[in-house]
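Here, each number is a calculation from the coordinates, and none is a lab measurement. Fair warning: this is a prediction, and the values are worked out from it, not measured in the lab. Neighbour counts are summed over all protein chains in view; Cβ atoms, including those assigned to glycine, are modelled from backbone coordinates with ideal geometry.
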Amino acid sequence: MNGVVEDVDRELQDAEDRARAASAPLDDATAEVRQLIAIAEARLRRFRPLAETNAIPRGLVTDTEAELAGLRLRREAIRSTRTEPELLRAPTDGVIAVAKAVPGQVVQPQDMLFQVVDPNAFWVEALVYGTVDATSLADATALGTSGQTMPLTFRGFSRALQHHASLVHFAISDPPSNLSIGQPVTVVAKSGAPTTGIVVRQEAVVRSANGEAIVSLHVEPKRFEPTPVRTQSHDATHLVIAADVTEGERIVIRGAELINQVR
């Protein structure tokens, strides 16, 4: 328990030190303005009797009074800066994703204190390599690191290449509650080109000993036959068997990896 108390006291002391460091420039500015006001008031008291006897132009009195009024306004501005809090208003509604503000922090106009995001308006940036035409992409699906599938809607693409790839934007139709900004996902988009074949889950297609894609056909009870196939992506969790399997044949969907281990 002593260690916890000491850590808290140390954090409070650090916060007070930062607050004093932040208020030091304001204290210096206040002292400087007070000194200038005192000098201006003394000069004004000296000029007024001289101006009444026309020893000096009355314009000097007017200029000194204006200078004194400006210094007093400057003093009030510094006082309000020290006492009135600054209202921070986000330009959009949402939830705070990142908070970088600390007590006593001195910030600049370009500094980010809080990052506010809309949890219902997440987008996905995907890189498209090869000869795929970004303008032909349609709806897509994304597969998260935890295995969750998210439907995506095509929103557009960037005209500038990044790492020799086109940057494509998709909107997540129904973002899950546990989705985080910056989380990597695998995106499978439809290009619009027609494809004929049999749609199966990705778990049904496994790799043989020589690395060839195969499926296990259930030819008779307790007998399975490995068959090489050619596949194409359908979405984040499904493949299209484009050839080598005919309609009506029974394909193992669950447990294909276990059957593939039998030699």
For region 147-159, 3J(HN,Hα) per residue [Karplus equation, 6.51 cos²θ - 1.76 cosθ + 1.60, θ = phi - 60°, Hz, x = Gly/Pro]: x, 6, 9, 10, x, 10, 10, 5, 10, x, 8, 8, 7
Non-local amide H neighbours of ILE56 (under 5 Å, H modeled in plane, Pro and chain starts lacking H): which ones? ALA51
How far apart, in nm, are two points set 7 Å out from the Cα along the Cα-to-Cβ line at ALA209 and at LEU44? 10.1
Explain nothing, just compute: Karplus ³J(HN,Hα) = 6.51 cos²θ - 1.76 cosθ + 1.60, θ = phi - 60°, for every residue of region 97-111 in order, whole Hz, x for Gly and Pro. 9, 9, 10, 10, 6, 10, x, x, 6, 9, 10, 10, x, 8, 6
Within region 53-128, report the trypsin sites (Lys or Arg not before Pro) that DSSP leaves as loop and that have at most 12 other Cβ atoms within 10 Å. ARG89, LYS100
